[in-house]
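The values are calculated or read from the model by the stated rules, or taken from the named source; none is laboratory data. As the structure is a computational prediction, the values presented were derived from the model and not from experiment. As a convention, Cβ positions derive from the backbone with ideal geometry for all residues, glycine included, and neighbour counts pool all protein chains shown. Each accessible area value is taken on the protein alone, full model and side chains, heavy atoms only, with ligands, DNA and RNA left out. Shrake-Rupley method; radii C 1.70, N 1.55, O 1.52, S 1.80 Å.
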Amino acid sequence: MPELLRVASPRIASFVDGERVAQVRQRLAQITRTQSARTGVTSPELDQVWAQLRDNLTEGKLVRPAILLAVADATGELDPTQRESVIELAVAVELLHHAFLLHDDVIDHDTLRRGRPNLIARLGADFTPEGATQEQAQAVGEATAILAGDLVLSQAHHRLGRLDVPHAMRVRLLEVLEETLAHSVAGELADVAFSRSAQRPTLEQVLAMSESKTGAYTVRLPLLWALIATDTEIPDVLEPYAQAVGLAFQLQDDLLGLFGDPALVGKDPISDLREGKFTAVMAHASRTTAWDQIDAHLGDPNLSLEDGARVITLLEHCGARAAVESDLAEALALAHRYAAEAGSLAQVLDAVVHALTQRRS
């Protein structure tokens with residue numbers, strides 16, 4: 001498939017050089033081959049981990065790298081050093097994304113991603129002896145995913161360390177990475193706490209968590225890295241823009257997780273109910289008379305498909321779905337307004353909104 005068609009949306013694809021997207025994909029594959037060659041001689045298991053990571057890293061849509069490349073190109077003509085730095089940063093942001101995915105699957109005890117066995121399931125089965133229980137394979141798979149995520153995260157830092165840029169620029173790029181990790185971890189911690197706390201959070205707390213969890217590394221990081229690497233002035237609207245787009249992205253993710261097509265989303269909508277995910281949908285539902293019926297099933301690991309389907313129907317009938325769709329529309333309107341105020345970057349930032357929020361999976 002042509003690279004321009006593999007990124008998130010035709011709107012963002014029109015701003016991206018497909019050849020450079022292909023370069024990012026090639027470099028991600030090369031990282032896994034290089035690491036496998038270095039470690040495989042002494043550790044067959046690590047060789048196997050890198051082989052599995054190769055598929056993870058090279059099969060995605062490269063949404064965040066595409067955003068970074070598009071924004072960098074929109075700043076003007078880049079010199080050879082800037083072009084190389086931007087490609088390496090695009091590689092780094094995809095590595096960061098996959099490190100988060102690996103750790104997120106451990107937190108959620110998921111064994112599927114995009115409808116297929118994830119690394120936890122694959123390596124859990126490979127690294128346990130014949131006759132091992134499902135629980136044993138899950139434990140081994142989750143331990144492996146944590147370690148694999150650490151390896152991938154270290155490679156993201158490694159790409160920044162190798163950049164041929166002035167010291168002050170490298171420090172600023174690393175500061176943005178540090179800020180992003182702090183925001184994302186804080187958002188994930190809040191998400192975990194919300195799903196396991198006896199005292200349910202407010203809608204405002206859930207929306208704040210959604211902004212932190214997604215906006216920091218999906219929107220703010222690629223935008224800032226692109227602008228810093230091209231030595232471009234950062235628009236005043238960037239922070240509120242990133243918050244609005246990040247919130248819209250997460251709200252849409254919440255809606256797709258419960259009401260989307262499971263074949264496209266790649267997971268059973270009942271899984272979030274069993275996990276006890278307290279999303280914006282649940283926050284709105286908690287304000288309705290249907291909440292007692294919904295709350296009785298939320299977080300039940302043995303929730304049946306029939307009862308889960310009833311909960312999803314209740315979430316729709318009580319108005320929770322419509323309320324989140326309204327929140328989403330409001331966040332999108334804000335994002336488009338801030339994009340329009342971004343001067344020469346207005347068109348590409350508007351395209352980013354479409355790329356991240358006009359999706360079905």
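Would you be able to tell me the number of residues in the stretch 1-19 that are open to solvent by 20 Å² or more (accessible area, probe 1.4 Å) and either modelled with pLDDT of 90 or more or part of a helix (DSSP H, G or I) (or both)?
Looking only at that region, the number is 7.
Select from the stretch 59-80 the residues that are among the small types (Gly, Ala, Ser) and in a helix (DSSP H, G or I) and list them in ascending order. 66, 70, 72, 74 - these are the residues of the stretch 59-80 that are among the small types (Gly, Ala, Ser) and in a helix (DSSP H, G or I).
Every listed requirement among (1) surrounded by 18 or more Cβ atoms within 10 Å (Cβ to Cβ); (2) of a type in the set (Lys, Arg); (3) outside any helix (DSSP H, G or I) is met by residue 360 save one, (1). Looking across the stretch 326-350, just one residue is touching a residue at least 12 places away in the same chain (Cβ under 8 Å), open to solvent by 80 Å² or more (accessible area, probe 1.4 Å) and acidic (Asp, Glu), and that is 341. Among the conditions (1) surrounded by 17 or more Cβ atoms within 10 Å (Cβ to Cβ); (2) under 20 Å from residue 127 (Cβ atoms), the only one that residue 69 does not satisfy is (2).
If I ask for residues that are part of a helix (DSSP H, G or I) and closer than 15 Å to residue 301 by Cα, which ones from the stretch 103-117 would you list? Passing the criteria: 107, 108.
Each residue in the stretch 195-209 was checked for being part of a helix (DSSP H, G or I) and farther than 21 Å from residue 301 by Cβ, and 7 of them qualify. If I filter the stretch 101-116 down to residues being among the hydrophobic types (A, V, I, L, M, F, W, C) and surrounded by fewer than 22 Cβ atoms within 10 Å (Cβ to Cβ), which single residue comes out as nearest to residue 191 (Cα to Cα)? Applying the filter and picking the extreme gives 107. Considering each residue of the stretch 272-297, count those that are touching a Pro at 6+ places or on another chain (Cβ under 8 Å) and open to solvent by less than 30 Å² (accessible area, probe 1.4 Å), and give that number. Number of matching residues: 2. State yes or no: is residue 175 among the charged types (D, E, K, R), open to solvent by less than 40 Å² (accessible area, probe 1.4 Å) and either without any contact (Cβ under 8 Å) to a residue 60 or more places away in the chain or part of a helix (DSSP H, G or I) (or both)? So residue 175 does not fit the description; no. Of all residues in the stretch 298-316, none that is free of Cβ contacts under 8 Å to residues at least 60 places away in the same chain and open to solvent by 40 Å² or more (accessible area, probe 1.4 Å) has its Cβ atom under 7 Å from the Cβ atom of a residue that is part of a loop (DSSP other than H, G, I, E, B) and among the basic types (Lys, Arg), 6 or more apart or on another chain. For residue 119, the test of being surrounded by 15 or more Cβ atoms within 10 Å (Cβ to Cβ), at pLDDT 95 or above and under 28 Å from residue 68 (Cα atoms) is failed. Once the stretch 254-281 is narrowed to residues that are in a helix (DSSP H, G or I), at pLDDT 90 or above and not aliphatic (A, V, I, L, M), the residue that is nearest to residue 317 (Cα to Cα) is 259.
Checked against the criteria, residue 140 does not count as within 18 Å of the chain's Cα centre (by Cα) and either in contact (Cβ under 8 Å) with a residue 60 or more places away in the chain or surrounded by 14 or more Cβ atoms within 10 Å (Cβ to Cβ) (or both). Restricting 168, 182, 190 to residues that are more than 23 Å from residue 104 (Cα to Cα), assigned to a helix (DSSP H, G or I), out of contact with any Cys (no Cβ under 9 Å at 6 or more places or on another chain) and open to solvent by 10 Å² or more (accessible area, probe 1.4 Å) narrows the list to 168. Just a yes or no: is a residue in the stretch 196-211 within 18 Å of residue 64 (Cα to Cα), surrounded by 17 or more Cβ atoms within 10 Å (Cβ to Cβ) and at pLDDT below 95? The answer is yes, given that some residue of the stretch 196-211 is within 18 Å of residue 64 (Cα to Cα), surrounded by 17 or more Cβ atoms within 10 Å (Cβ to Cβ) and at pLDDT below 95.
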